[in-house]
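Here's the structure, in structure tokens; my notes come after.
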């Protein structure tokens, strides 16, 4: 069924109505998902395992009464059942629901703007199964995909334009995340920031404000409006700012470790199951088995080691709360970042359903807590015990803000989640450092650098202008192109990427163009542990090419259609002879220059001589 707006509705009114509808859906959708997760966790962890698990928001007196499971004998069966059902549902019905889910929502935004109607329900069910049975994952990925999916359904029902459809989708993403974490401002900003590594989806900010506030109001009416985490009074001084800068450096290092292990695990699971032709629905089961065995082995070592293993399971928010109260042993805090990285990589890397936000916060919280405790022991007068929780909160912000490439929105969200603006200054210092040091490395693979690389904004280029510009006028000439040889080592390509900032190079052999090598190709080779003498096994061959006399419109169609950022330029009569290199940046720069000249011609025709 399709509904339509009254004929007199302006675009602004249309967007406002869309935002209200998406906000209502996000509020009730987040509520149902949250309640389902709460009851399922109480059943699997509380009833079956007899585990009095710690929970976020509990007072110090209540949370200090948490206790370990009476026996972990049922842990493996519980995790196997949850991961098996989740794996079957995902594999058979909704491959997009695999893993974090946020990347799938980003991919939908940058391509078709559509999320299939079955995804919201299936993502909710599979995520509840994964998290409640002990998988290390968070609530934000599911909330984003659930609300974004409903936003896509609204777009279908109301016959929205492509631009309105994408606004509905990204507004749903922000409203879903902002609602589930009671952080409406941060969620709204996240909707605009997290789609890109270096840009903002500015049109989505105001609609996301409306939707997030409505979703938050609905969710809070049933669940309360108190912040997610309970805090004791926080204390810090300006003299401690250098210490928070140091925390930013540590969070950058652990952030890069998290990204590397997480992506390696994901690629490794996929390649192994494909190589041995093992049914893909068993992949989450393998991850759950490894994680369950890991936790059980830790439990056999000591009570503290068992606490460490339990902290690696689930969302981790209860253990974040314990760290805010300084109630975890130092040994647990020191090792928790590594354990949580391993647990999350096993759960989500194997295809378990859930988000990376919560694990990222726990890793950052543990890094901050460890540094705070160490500094307190070494310099008790300079870093009193009251300052340790500040390091915990700042660690959350610094680490995940950097790995998500969304420092501003994560900063705002965590401030809302802890209900204290007093940590804003040290958090700003730390997240700025960690964001800079992590560079272009991010946890989400389907983020794109800027709007220019997004298929959602493909229509922003004027086709007539692009059809009037030839590739030869925009390309980098051959003598300025950096090329590599098929026998070059992959590490040489990595070094070139690091030093030049380029992400792809033409491969030349005896003067002939034989392929293209990109950062994704090199990453795939590393995952497969190839020991080949050169890059020839990983390069794309034969490469897609463009000709000097083709238009930029034709070049951009190839790039967008195949997800490329660069094209080798060859002559039609000499298809293996490189004459230049064309990137999306070249197209954008030349397009802007041509548009500027065209505007000048229209304003001052007497000065333009009648031509560009």
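The values are calculated or read from the model by the stated rules, or taken from the named source; none is laboratory data. Worth saying up front: this structure is predicted, and the values here are computed from it rather than measured. Counting neighbours? That spans all protein chains shown, and the Cβs are built from the backbone with ideal geometry, glycine included.
Observations, loosely collected:
- Of the criteria (1) at pLDDT 90 or above; (2) more than 30 Å from residue 548 (Cα to Cα); (3) part of a helix (DSSP H, G or I), which one residue 472 fails: (2)
- Looking across segment 491-530, the residues that are touching a helix residue (DSSP H, G or I) at 6+ places or on another chain (Cβ under 8 Å), assigned to a loop (DSSP other than H, G, I, E, B) and modelled with pLDDT under 80 come down to 528, 530.
- Candidate set from segment 550-571 (those that are touching a residue at least 60 places away in the same chain (Cβ under 8 Å) and in a strand (DSSP E or B)); member that is nearest to the chain's Cα centre (by Cα): 566
- Any hit, segment 414-422, residues being within 13 Å of the chain's Cα centre (by Cα), assigned by TED's automatic domain parsing to the domain that holds residue 205, in a helix (DSSP H, G or I) and surrounded by 24 or more Cβ atoms within 10 Å (Cβ to Cβ): no
- Failed item in (1) in contact with a strand residue (DSSP E or B) (Cβ under 8 Å, 6 or more places away or on another chain); (2) modelled with pLDDT under 85; (3) closer than 26 Å to residue 76 by Cα, with residue 137 passing the rest: (2)
- Where helices (runs of 4 or more DSSP H) sit wholly within segment 1-119, those with at least 1 residues that are closer than 22 Å to residue 349 by Cβ occupy 11-41, 75-93, 102-110.
- Any chance residue 41 is in the same structural domain as residue 300 (by TED's automatic domain parsing), under 27 Å from residue 195 (Cα atoms) and touching a residue at least 40 places away in the same chain (Cβ under 8 Å): no
- Test: residue in segment 23-31 that is in the same structural domain as residue 279 (by TED's automatic domain parsing) and free of Cβ contacts under 8 Å to residues at least 24 places away in the same chain: no
- When we screen 52, 61 for residues that are free of Cβ contacts under 8 Å to residues at least 12 places away in the same chain and either closer than 30 Å to residue 298 by Cβ or over 28 Å from the mean Cα position of the chain (by Cα) (or both), the only hit is 61.
For every residue, the table says whether it meets (1) touching a helix residue (DSSP H, G or I) at 6+ places or on another chain (Cβ under 9 Å); (2) crowded, with 24+ Cβ neighbours inside 10 Å; (3) free of Cβ contacts under 8 Å to residues at least 40 places away in the same chain; (4) closer than 29 Å to residue 226 by Cα.
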position	(1), (2), (3), (4)
373	yes, no, no, yes
396	yes, yes, no, yes
399	yes, yes, no, yes
437	yes, no, no, no
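- Filtered residues of segment 339-391 (kept if under 21 Å from residue 284 (Cβ atoms) and outside any helix (DSSP H, G or I)): 350, 351, 352, 353, 354, 355, 356
- The residue that is modelled with the highest pLDDT, among those in segment 183-200 that are surrounded by fewer than 24 Cβ atoms within 10 Å (Cβ to Cβ) and part of a loop (DSSP other than H, G, I, E, B), is 197.
- The number of residues in segment 240-280 that are over 21 Å from residue 525 (Cβ atoms), at pLDDT below 95 and part of a helix (DSSP H, G or I) comes to 1.
- Exactly one residue among 314, 318 is assigned by TED's automatic domain parsing to the domain that holds residue 396, buried (at least 21 other Cβ atoms within 10 Å of the Cβ) and within 27 Å of residue 444 (Cα to Cα), and that residue is 314.
- Any hit, segment 203-214, residues being assigned to a loop (DSSP other than H, G, I, E, B) and free of Cβ contacts under 8 Å to residues at least 60 places away in the same chain: no
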